[in-house]
Amino acid sequence: HLEKRMKLSVLVALCAVVFSATVHTADWPMSNDAGFDTSVENPMYEHSKGPIILLDAAHHNFHVTEGFIEPFAEIAAADGYRTVVGTSRFTPEFLRSFDIVMVITALPFEFTSKTEVTTETTFTDSEIEALHGWVSSGGSLLVFSEHAPFDQAINPLLKRFDVTSSVGTIADPVHYDKELGWEGWVVFSRENGLLNADHPIVNGRDDSEAVNSVVTFGGSALTGDEYVNILRLSDTAENRQHPTGVGPDGMGDSQALAGEVGEGRILIFGDSNGFTAMNFDEEDGSVRSLGMNTAHHDWKQMVLNSLHWLSRDL
C-alpha cells in the first residue's frame, strides 16, 4: 500500500485514473482539478449525438475506478460524445455496442496491492482476440501502456497489434520541462521537433486546434513499425528502473503511435496523465497540476483531436 504522503515523482509514476458511477474514497495525494475548464468551444457533435466511447472498468482500471477520468468524460460529453463505463469482459457481442474503446491503466490486480505483474493475466486470450477482431472490423481503440506495472499488464494486448512497450519508466535529461523540473516529464513540441507536425491529431481541423506542445509524465516507450510516430522519443531518452524496482527492460522510440488495423484505427499512448486533469499535493504544501491542466502545454486540444481522429472526423 502506498504511503499517504508518497513522494510526487513516485506517485506520478504510479498514477492512472478513470471515472465510474461508484468512485472509491481512497485518500490519494492527488485529486481532479475542480477549476479545470472542460467546455468545448466548437463541439464536433450536438449534445449526446456523437459516437459512444466505452471506458473500460473491467480490468482494475485505476483511472476509472478512482474517478480521475472524470475530466476526460466531461470534455468528451461537451464535444458531443457519449461515454459508458463498462465492467464486462470483452466479447464480440459486448464490443458491438461501441464506436471507441478506451483501455487505460489496466491491471490483473488492484492498483498498489502489488508492484509487479508476473504470471497474472490481465486480458484473456479470447478478450484480446475479440478486441482485435472488433478493431479490424471498423472499431477504434484508444489504449495506454504507462510505466511499470501497467506496461507489463498491457503488453500481451499490444503485441496482438504488433506493438511492444518497454518496462520501467521513461526520462529524457535533455528534452524535459525545466519548469516542472523532473527528467521524466518529457516535452514533445513543434520547436524541438519531437511532435509530428504532419499528422491530423497534431493539426486538428484548423489552426485554432493545432497542438504546439505536450509533456508526458514518465510512462513507457513504444515500438510499432507499422504505425505513425506522433510523439517521437529523442536519442537522449532513457528507460529507467521504476521506483517500485521494476525494469528497465526494452526501449522504444515513441510515446504515441497511430495507425490502421484492417478497417479500424488504433491510437496508443505510452503515458496516460495527459488524458487527466489532476492536482498533486506536494510535501512542502504546494500544488502541482499535471495533465490537461498543465500550463504551457496543449493536452486538452490533443485529447479532442485524438477523439476526432478515432471517430474519423479528421
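The values are calculated or read from the model by the stated rules, or taken from the named source; none is laboratory data. Keep in mind the model is a prediction, meaning the values are calculated, not measured. Every residue, glycine as well, gets a Cβ built from its backbone with ideal geometry; the counts of neighbours run over all protein chains shown. Ligands, DNA and RNA are stripped out before the accessible areas are found, and what is left, the full protein with its side chains, is counted by its heavy atoms. Shrake-Rupley method; radii C 1.70, N 1.55, O 1.52, S 1.80 Å.
A few notes on this one:
- Debye-sum result for the stretch 223-314 in log10 I(q)/I(0), which assumes one identical scatterer on each alpha carbon, at q = 0.10, 0.18, 0.26 Å⁻¹: -0.37, -1.03, -1.29
- The alpha-carbon atoms of the stretch 131-185, seen along their principal axes, cover 44, 21, 14 angstrom, with the largest extent given first.
- Kirkwood Rh in Å, taken over the stretch 24-142 so that all alpha-carbon pairs contribute: 15.7
- D_trans [Stokes-Einstein, Kirkwood Rh over alpha-carbon pairs] for the stretch 72-184, 10 °C, 1.306 mPa s, µm² s⁻¹: 99
- When only Cα pairs below 8 angstrom with a gap of at least 6 residues are kept, the stretch 108-160 shows a relative contact order of 47 percent.
- Within the accessible area of the stretch 175-296 (1.4 Å probe), percent carbon and sulfur: 41
- Mean accessible surface per residue for the chain, computed with a 1.4 Å probe while every protein chain stays in place, in Å²: 39
- For residue 45, the shell of other residues with beta-carbons less than 11 Å away shows a net charge of -1, using +1 for Lys and Arg and -1 for Asp and Glu.
- If both residues of a DSSP beta bridge must be in the stretch 24-149, then about 0% of such bridges are antiparallel.
- Put simply, the C-alpha atoms of the stretch 81-130 give a gyration tensor, and the ellipsoid matching it has half-axes of 24, 15, 8 Å, longest first.
- Note that the chain, at 4 °C in a medium of 1.567 mPa s, gets a Stokes-Einstein diffusion coefficient of 68 µm²/s from its Kirkwood radius over C-alpha pairs.
- Computed on the chain, with alpha-carbon pairs under 8 angstrom and 6+ residues apart, the relative contact order is 20 percent.
- Surrounding net charge for residue 162, when Lys and Arg each add one and Asp and Glu each subtract one, Cβ distance under 15 Å: -2
- Extension gain (nm, one decimal) between residue 89 and residue 203, 0.36 nm per residue minus Cα-Cα: 37.5 nm
- DSSP-defined antiparallel bridges as percent of all bridges, the chain, nearest 5: 65
- Note on the chain: with a GNM built from Cα contacts shorter than 10 Å, the maximum mean-square fluctuation among 166, 189, 126 falls on 126.
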